[in-house]
Amino acid sequence: MKSKTLIMRAKDHSNDLSASSSSANKHVWMAATVAGLGGLLFGYDTGIIASALLFIRDQFELSSFEQGVVVSIVPLGAAAGALIAGRLSDRLGRKKVILGGAVLFVCGSIVSAISGGVLVLVAARAALGLAIGLASAIAPVYVSEIAPTEIRGRLITLFQLAITVGILVAYLVGLAFESSEGWRWMLGLGALPALLLFFGVARAPISPRWLVLKGRNDEARAQLAELRPGDQVEGELEAITKELSEQRESSWRDLMKPAAKAALFVGVGLAILQQVTGINTVIYYAPTIFQFTGIDSASAAIGASLAVGVVNVAMTVVAVRLLDRSGRRKLLLVGVAGMSISLFTLGAAFAGQDESTLTAVVAIASLMTYIASFAVSLGGVFWVLNAEIYPTLIRSRAASVGTMANWLFNFLVSLTFLTLIAELGRSGTFWLYGAIGVFTWFFCHRFVPETKDKPLEEITEIFEERARR
Ligand code: BGC
C-alpha cells in the first residue's frame, strides 16, 4: 500500500512536470541511444551472417554442420552472456557490463573479419555472442531504470525497432559488399556501432536504482537530480528505496516462489516460442531460402532478403504504435495466426517438384506475410512482456533468465535448420514450424494476460492470483 502511494506520488510529480527540463531530456535521450545501439548491435550481428555465409562457406569449404556452427555460435555465446549478465550487473553496475560488452564486441568483430580459418572465426563469433548476450540482457534493464515511468514502454519497443534496423543495415551492407565478395568488411563493420555504444555508455548516467542497491543513496540522489526535474527527485528516490529495501534480499530462490513461477512460465514460454516458430531461419538464412525458390544469383537472393528487412522494420513501427492502443494480446493472437498460416503456405509452395514462377511468388509472398505477422506480434511483444511481467523484487534476474532462454532456443533452431531441411525436406520443415505456431496461438490465448494500461503492481497481482488458484 505504502509503495503504491509513493509510486503514485512520483507519478503525480511527473504529470505536473511532463515537459521535462532539458538536462533530464538529454539524459533520457542518452538512455534511448543506449537502447538503440544495444538493439542495433543485436540486429546487425545476427543479420550480417546471412549475407557473409554465402562467401565464407565457399572460401573455407564449410560443410552444412560447420555452417550451422558459424551461424549459431553467436546465439549460444549470447545465452551464456545473458545468464551471467544479471549477477554481473548487480555486482559491477549496469554501465560497466554494457561497456565490457562493447569492448568484447569491437574485438570480436575485428578478429572475425581478419580470421584465416574456421576455428578463429568461430572463436571470434563466440566472443561476439557473449557481448551481444550481455548487451541484450542489460540494455533494456538499464533503460527501464533510467527512463521516466511514462515513456518506459516506448523505450523498450525502441530496442526491438533498433534490432530490426540493425538487421536491415546488415542486409544493405551485405548488398554493398556482395560484388567484391567482401565478407571480411561485412563482419568488420560491426565494430562501428560497438564503438558508438562504448562512447555513448561511457557518458551516460549511472542507474540510480543500482546505486540504491549498493547503499550509495547520496550518489543516487545526485544522478536523479540530473535525470528528473528537481521536484521529482525526492519522491522517486523514496519509491526506489522502498522497493529496494526488499530487493536487497533477493536471490535465485525467489524465482521459485509461486507467483514468480507463474510469471516465468509465461515469460520463458514466450521466449522459447518466439524462437521455435522459426523466425531466425528466415533472418539468418534468408538468401539460402530464396535460392530454394529457384532464384539462383547471390545478389538477387540478397536483394530479396532486403525486402524481408524493410517489411520487418515497417511492421515493427506499426507494432510500436499499436502496442499501447490495441493491447498485447490482440497483436499476439492476430500475428501468431498470420505466422502459422504463412508457414503452411510456404511449406505448400515447396511441396511441388517444379521451380515455376508461381512457386517463387507464393514462397516469397508467404515469407513476407510471415515476417510482417512476426513483427507485429512475437517480435516486440516478447521483449515488452519480459520487461514488465515479473515482480519488482526479481525483475532483473527473471528478465535475464527469459533472455537466456530466448538465445538458447535461437541457437537450437539455427543449428538444426539445415539438418531439418535435409531430414524433413523444405515443406516438412516449414510445416513443423507452422504446427508449433498453432500451439503458440493456444499458449498465448490461454496464458498471456493483457498488461496494457496496467501499473506493474497490478500485473504482479494477476500472477499472485494465478498462483493461489
Ligand atoms: C528476436 C530475434 C529476431 C528479431 C527479428 C527479435 O525479437 O528476439 O531473435 O532475430 O526479433 O526481428
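The values are calculated or read from the model by the stated rules, or taken from the named source; none is laboratory data. Here the structure is a predicted model, which means the values were calculated and not measured. All Cβ positions, even for glycine, are placed from backbone atoms using ideal geometry, and neighbour counts span all protein chains on display.
In the range 419-455, the residue that is nearest to the chain's Cα centre (by Cα) out of those that are closer than 26 Å to residue 72 by Cα and aliphatic (A, V, I, L, M) is 436.
Screening 450, 465 for residues that are among the acidic types (Asp, Glu) and touching a Gly at 6+ places or on another chain (Cβ under 7 Å) leaves exactly one candidate, 450.
Counted as qualifying within the range 358-469 are the helices (runs of 4 or more DSSP H) with 3 or more residues that are free of Cβ contacts under 8 Å to residues at least 12 places away in the same chain and over 20 Å from residue 256 (Cα atoms), namely 395-447. Residue 79 fulfils the conditions (1) within 16 Å of the ligand (Cβ to nearest atom); (2) modelled with pLDDT of 90 or more; (3) among the hydrophobic types (A, V, I, L, M, F, W, C); (4) closer than 17 Å to residue 187 by Cα except for a single criterion, (4). Which of the residues spanning the range 405-420 are within 25 Å of residue 451 (Cβ to Cβ) and surrounded by 24 or more Cβ atoms within 10 Å (Cβ to Cβ)? Once the filter is applied, which keeps residues that are within 25 Å of residue 451 (Cβ to Cβ) and surrounded by 24 or more Cβ atoms within 10 Å (Cβ to Cβ), the range 405-420 yields 406, 407, 410. Here residue 266 clears all of (1) touching a Phe, Trp or Tyr at 6+ places or on another chain (Cβ under 9 Å); (2) under 21 Å from residue 178 (Cα atoms) except the condition numbered (2). Restricting the range 239-260 to residues that are at pLDDT below 85 and farther than 18 Å from residue 86 by Cβ, the residue that is surrounded by the most Cβ atoms within 10 Å (Cβ to Cβ) is 240. Being more than 22 Å from residue 419 (Cα to Cα), within 17 Å of the chain's Cα centre (by Cα) and among the polar types (S, T, N, Q) is not true of residue 357. Scanning the range 174-205 for residues that are at pLDDT 90 or above, within 30 Å of residue 233 (Cα to Cα) and crowded, with 21+ Cβ neighbours inside 10 Å gives a single hit, 197. Could we say that residue 122 is in contact (Cβ under 8 Å) with a residue 60 or more places away in the chain and among the hydrophobic types (A, V, I, L, M, F, W, C) here? When the stated conditions are applied, residue 122 does not pass them.
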